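A short write-up of the structure that comes next.
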Amino acid sequence: MTDAPKLFGLPPGVDFPRALLDGLAAHMEDAPPEAMARVELWVNTQRMRRRLHELLAEGSPRLWPRIRLITDLARHPVLADLPPPVPPLRRRLELAQLVAALLDRAPDLAPRSALFDLADSLAALMDEMQAEGVAPQTLHDLDVGNLSAHWARARAFVTLVEEYLGPEMDQNPGAGARQRIAVQRLAAQWRSDPPDHPVIVAGSTGSRGATALFMAAVARLPQGAVVLPGFDFDMPAPVWAGLNDALAAEDHPQYRFRRIMDMLDSGPDAVRPWPAAPAPPSRERNRLVSLALRPAPVTDQWLQEGPALPPLAPATQDLTLVEAPSPRAEASAIALILREAVETGTRAALITPDRMLTRQVTAALDRWGIRPDDSAGLPLPLSPPGRLLRQVAALFGQPLTVGALLALLKHPLAASGGGARGPHLLWTRELELHLRRHGPAFPDGAALRDWAGGGPQDGRADWADWLADTLDGLDRAGTVPLTAHVARHLSLTERLAAGPGGADTGALWTGTAGEQARAACDALMAEAAAGGEMSPADYADLLHSVLQDGEVRDAIAPHPDVMIWGTLEARVQGADLVILAGLNEGSWPAMPAPDPWLNRQMRAQAGLLLPERQIGLAAHDFQQAIAAPRVVLTRAIRDAEAQTVPARWLNRLTNLMAGLPGPGGPDALQAMRDRGQRWLDMAAALDRPDRAVPRAPRPAPCPPVADRPGGLSVTGVERLIRDPYAVYARYILRLRPLDPLEQEADAPLRGTILHKVLEAFLDQPIEPDPAQAQARLMALTDAVLQDHAPWPAARVLWRARMARAAPDFIAGEIARQAQARCLARERDGRVTLPDGFTLSAQADRIDQRGDGGLVVYDYKTGTPPTLKTMELFDKQLLLEACIAERGGFQDIAAAPVDHVAYIGLGNPPKTVMNPLENDLTTQTWDDLVRLVARYGDREQGYTARARVQRREDVTDYDLLSRHGEWDETDAPEPQEVGE
């Protein structure tokens, strides 16, 4: 061993893997060919190793160095005496059981929904403590001060793990602890017997304690070397000296290098350039970025060193700043930049941690048939087999809704075996139409068989039997052992994928996604015995988290020169054009994940990693990526919710440049923005049509008179007054809105149910005692709600509404029955106008007074209309009075109508009575005759939204009428439609 550590660095912007191999070849130039094969090269990621292999394969034939992963230290032969590590999934399940038991004893510690998150974070904390060499007693010795209450709760979990798993974890440590043990054993071995061949650690920043120890041990070897990526040779020594406080400097991109220097008792002067290292694309830009990223306490150096910078226009001539108004505009601009790169043969890469943005860019590139090479792939839970597995897991312990059922049946893997997919889709369509119109809200096996029995016998009965047998009873699933959950879940999923009569599992486990999903499920089944018992909801959460660990790469060959990288992939790749996108706080850098156990101060005291570590690594990635030959920086000024905050590094860079008029900073910054605005303008122009498309006029179609409706209900007349276009679409075009996918507890259904309650209540005389009458009314309400409202929450709310209205309704009903007797309820009526037009209605209730006069009532669950509104628009009761006076209601003789009234059952209950003064009934009839005659004119159009109650109201036919291209202030344009 030697006391002079060998540290090398490569500056930001250099293609690190290529420069590493070039420097190694230069160093070994005079050595025999076999010497290269003896080189032991340790890299930090599989992606780095893969890139080195690709570069070696591109070169001339030669012997390759041995390239190993630092993470492989956990499986190094020096650990042969230790037992095999416990699979992470088993450890997680064991911890979850312990946490669940603690939450059962003390439910106020944390919500049950956090069970697996707490287990994961506890496992990570224990592993981190071992990897960083922190003894468990350290946590108990912390000075928690005024955080004692929080720490007491957190310590209950930590102590639990120590007591139950402490001895086992000492004997069988996790991956982080094994890596630290391997480093310690290797370092001890090398002190007495150093390797006789070169050992190089390259590409790691040493952000974890075990890795930093390994790098320090290698740097002290006689033939050892450490190559630091993105080392800032432009940062002066005083700034390096200031990176000594983790709490203040952890988020700086070079902080981890300072820590390695401290471990080696050396300074930045000890870091030498790697042999044959190429110059960065722009040294001036690197100096500018280095100054911009100085630690916050020393940004006063901007004023000292900034004016001495060389002119900034040459340094930033290959920098472009895109400040888009929205994420969509940002994605469109990026897509255009990548398209130009394809046309010019430029190797381009989009670097961002924002996966939503990458999906938007991928969708935008599809317009030109460009498929980028996305290194992250598709998360396994979002793949077809992953989605089907999650959908099936969510069924257990829950009532089967129409939406969940149809989502399953329409999944591309459902009934994908045995050639049953075609009939399956046909019957799924028929079942959907039936359930939309007739329900029930929660279909079961009996409902499915009833539907099939009422249709043609074309195989659908067998299909319905298969479906009913497969899905019936899932809501009764309860807490069972994890092994039972997994077996039942996989069996049900495979049966759904096979289809009726299918002998295989269809396409469920085929392809890359299917194979990965099968592997994840097999791993879960293998360790399920350690999971104990859990509820269906806990199992669904566990399954999703297990699938979340996998990703699926697209089998279709992507474009070779258009890449999408995460920040980790970008460290080991090289591109001529780099787009750094999503540069907003919360995205890049992402906010540190909340730690339920230790705050920053406690972590610093214990010697654990700080939350700012991830920010510092992201800052290092940014400093490396912005030094590429050509760089585009993009961000969205607003997202879907509010104004965004620029990433701190971009903010520093723009603020520094704006404050340096001497070197031309403001002009250079404006030039960057101008170059970005060019792409935004192109993206906006791309979305504009080639020619001006005139907006649609406000429609007022004029169909032939013979095609116009020869009759309407009283509610149809109201619709004709308020929105004639709806009458045209409904009765002439015969377009009816599709019933909702799931029956909802909405106002119309509430009205129907409360009508049933009142009808049943009034079938018997009202009790003299109001309390008894109210008790009977509420008992009937409970019975009707139980039969017709399958939603527990809706039943509670609607029952409460009836309970509030009951006293007023009963008191009013006693008064109404004292004045008149009920002739009919829910009675149909019909009259014919002189020109043959038919007016129909169904009256909620008609009473007859002692003088022979009639009273027409309507029950209203909402707010009844005012008298003025009744006169002008809501003419339902007035038109029913017209029908009654002409003897139009079945078995009720013609008689004058004394008054009409809305009996409101809303909150508060309100009755609106219209005395029909000033011969209002005759006036209403005359108005109806004139209205019908007007629409008997061929030139009279059905105007859209003629007199809607509120401009913000949405009607069923707004899309058909292209509302939005016109509004209610536009004059309608009558247009004749075909004979």
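The values are calculated or read from the model by the stated rules, or taken from the named source; none is laboratory data. Note that the structure is a prediction, hence the values are computed from the model and not measured. Because the Cβ atoms are built from the backbone with ideal geometry, glycine has one as well, and the counts that use them run over all protein chains shown.
A few notes on this one:
- Just so you know, in segment 28-47 the residues that are closer than 17 Å to residue 8 by Cβ and in contact with a strand residue (DSSP E or B) (Cβ under 9 Å, 6 or more places away or on another chain) include one that is surrounded by the fewest Cβ atoms within 10 Å (Cβ to Cβ), and it is 40.
- Of all residues in segment 662-684, one or more are of a type in the set (Phe, Trp, Tyr), assigned to a helix (DSSP H, G or I) and in contact with a Ser or Thr (Cβ under 8 Å, 6 or more places away or on another chain).
One line per residue, one yes/no per condition, for (1) within 16 Å of residue 396 (Cβ to Cβ); (2) in a helix (DSSP H, G or I); (3) touching a residue at least 12 places away in the same chain (Cβ under 8 Å); (4) outside the structural domain of residue 415 (by TED's automatic domain parsing):
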| site | (1), (2), (3), (4) |
| --- | --- |
| 442 | yes, no, yes, no |
| 462 | no, yes, yes, no |
| 500 | no, no, yes, no |
| 524 | yes, yes, yes, no |
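- Criterion (modelled with pLDDT of 90 or more and either assigned by TED's automatic domain parsing to the domain that holds residue 817 or touching a Cys at 6+ places or on another chain (Cβ under 6 Å) (or both)) met by exactly one of 862, 853: 853
- The criterion of at least 2 residues that are closer than 24 Å to residue 629 by Cβ is met by the following helices (runs of 4 or more DSSP H) wholly inside segment 1-98: 16-27, 46-58.
- The residues listed here are 547, 633, 542, 610; of these, the one that is outside the structural domain of residue 493 (by TED's automatic domain parsing), surrounded by 23 or more Cβ atoms within 10 Å (Cβ to Cβ) and touching a helix residue (DSSP H, G or I) at 6+ places or on another chain (Cβ under 8 Å) is 633.
- Only one entry in 249, 225, 241, 210 is in contact with a Leu (Cβ under 6 Å, 6 or more places away or on another chain) and outside the structural domain of residue 625 (by TED's automatic domain parsing), namely 249.
- The single residue among 50, 68 that is closer than 20 Å to residue 226 by Cα and in contact with a strand residue (DSSP E or B) (Cβ under 8 Å, 6 or more places away or on another chain) turns out to be 68.
- Within segment 398-434, being surrounded by fewer than 19 Cβ atoms within 10 Å (Cβ to Cβ), part of a loop (DSSP other than H, G, I, E, B) and at pLDDT 90 or above holds for 410, 411, 412.
- Residues (under 21 Å from residue 906 (Cβ atoms), of a type outside the set (A, V, I, L, M, F, W, C) and assigned to a helix (DSSP H, G or I)) located in segment 778-835: 781, 782, 788, 795, 799, 801, 804, 807, 808, 812, 813, 816
- Every residue from segment 733-758 that is without any contact (Cβ under 8 Å) to a residue 12 or more places away in the chain and in a helix (DSSP H, G or I): 748
- Residue check for residue 484: in a helix (DSSP H, G or I), touching a helix residue (DSSP H, G or I) at 6+ places or on another chain (Cβ under 9 Å) and among the aliphatic types (A, V, I, L, M): yes
- Looking across segment 236-279, just one residue is of a type in the set (Phe, Trp, Tyr) and over 25 Å from residue 589 (Cα atoms), and that is 274.
- Here is the figure for segment 50-83: residues that are under 43 Å from the mean Cα position of the chain (by Cα) and among the hydroxyl-bearing types (Ser, Thr, Tyr) total 1.
- Residue match in segment 759-769 (condition: within 30 Å of residue 431 (Cα to Cα) and either in a helix (DSSP H, G or I) or out of contact with any Asp or Glu (no Cβ under 7 Å at 6 or more places or on another chain) (or both)): no
- Among the candidates 940, 975, residue that is in contact with a helix residue (DSSP H, G or I) (Cβ under 6 Å, 6 or more places away or on another chain), modelled with pLDDT of 90 or more and either surrounded by fewer than 14 Cβ atoms within 10 Å (Cβ to Cβ) or over 20 Å from residue 714 (Cβ atoms) (or both): 940
- Top-ranked residue in segment 342-396 [being basic (Lys, Arg) and more than 17 Å from residue 561 (Cβ to Cβ); ranked as surrounded by the most Cβ atoms within 10 Å (Cβ to Cβ)]: 387
- Residue check for residue 371: in a loop (DSSP other than H, G, I, E, B), over 24 Å from residue 462 (Cα atoms) and of a type in the set (Lys, Arg): yes
- Looking only at residues of segment 192-211 that are of a type in the set (A, V, I, L, M) and at pLDDT 90 or above, we find that the one that is nearest to the chain's Cα centre (by Cα) is 202.
- Condition check for residue 877: crowded, with 19+ Cβ neighbours inside 10 Å and closer than 25 Å to residue 947 by Cα: yes
- The set of residues in segment 1-12 that are modelled with pLDDT under 90 and either under 17 Å from residue 279 (Cβ atoms) or surrounded by 15 or more Cβ atoms within 10 Å (Cβ to Cβ) (or both) contains only 5.
- Only one of the listed residues (239, 227) is outside any loop (DSSP other than H, G, I, E, B), touching a residue at least 24 places away in the same chain (Cβ under 8 Å) and surrounded by 24 or more Cβ atoms within 10 Å (Cβ to Cβ). That residue is 227.
- Residues (part of a loop (DSSP other than H, G, I, E, B) and under 12 Å from residue 942 (Cα atoms)) located in segment 710-732: 723
- Taking the criterion of being acidic (Asp, Glu) and not in a helix (DSSP H, G or I), the only residue of segment 685-709 that qualifies is 690.
- Every listed requirement among (1) under 23 Å from the mean Cα position of the chain (by Cα); (2) modelled with pLDDT of 80 or more; (3) of a type in the set (Val, Ile, Thr) is met by residue 567 save one, (2).
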